[in-house]
Amino acid sequence: MASSKEYADFVRDKFERISDVVTVRPMMGAYVLHMAGKVLGFIGEDRLLLEPGPTIAKLLPDAQTVELFPGSKKFYVIEDSISSARLCEIAAAIYDDLPVSKPRGGKKGRKAPAVRNDAGKAEILERFPFAKNIKW
């Protein structure tokens, strides 16, 4: 599903009216489109694919749909000839249908050391004075 950088730039330019909320990021040879924190669609094999939903189905009833990979949901193929204004209108209209992106994994907090008895607790407090605030 590789796509060229030139085509990704072409698609990004189509979102000129709402370029402050739409970003294009590379992902494993393709590109993912984000709109204000939600995944709007994908750019792969030099074509724009938008997330499915009830609103886009009403706006583009005759649009071709394809799977990103076998067994995936069907995404709407957006023709290259679509005007920038129309594409921005579609993106704004389907925003509420878009799934919320999952937060990326970050550094996880440290767990308190396991304590089996009071002697272990005293040893931990001696080695780690900041541990006195831990609820045992």
Could you derive backbone 3J(HN,Hα) for region 27-44 from the dihedral phi with the Karplus parameters 6.51, -1.76 and 1.60 (θ = phi - 60°), listing whole Hz in sequence and x where the residue is Gly or Pro?
8, 6, x, 10, 9, 10, 9, 10, 10, 6, x, 10, 7, 8, x, 9, 10, x
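Count the net charge of all other residues whose Cβ sits under 10 Å from the Cβ of residue 46, scoring Lys and Arg as +1 and Asp and Glu as -1.
Working: positive: 47; negative: 6, 45, 80.
Net local charge, residue 46 excluded: -2.
Between residue 12 and residue 62, what length comes free when the chain is fully extended (0.36 nm per residue of separation minus the Cα-Cα distance, one decimal in nm)? Don't jump to the answer; show the numbers that get you there.
Values: separation 50, 0.36 × 50 = 18.00 nm, distance 2.39 nm.
Length difference between fully extended and current span is 15.6 nm.
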Which ³J(HN,Hα) values in Hz, rounded to whole numbers, follow from the phi angles of region 8-13 under the Karplus curve 6.51 cos²θ - 1.76 cosθ + 1.60, where θ = phi - 60° and Gly and Pro get x?
4, 5, 4, 5, 4, 5
Per 0.36 nm of contour for each residue apart, how much would the distance between residue 45 and residue 82 grow if the chain were fully extended, relative to their Cα-Cα spacing?
11.6 nm
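Any read-out appearing in this document is the output of simple, stated calculations on the displayed coordinates, not a laboratory observation. The structure displayed is predicted, hence computed values, not measured ones. As a convention, Cβ positions derive from the backbone with ideal geometry for all residues, glycine included, and neighbour counts pool all protein chains shown.
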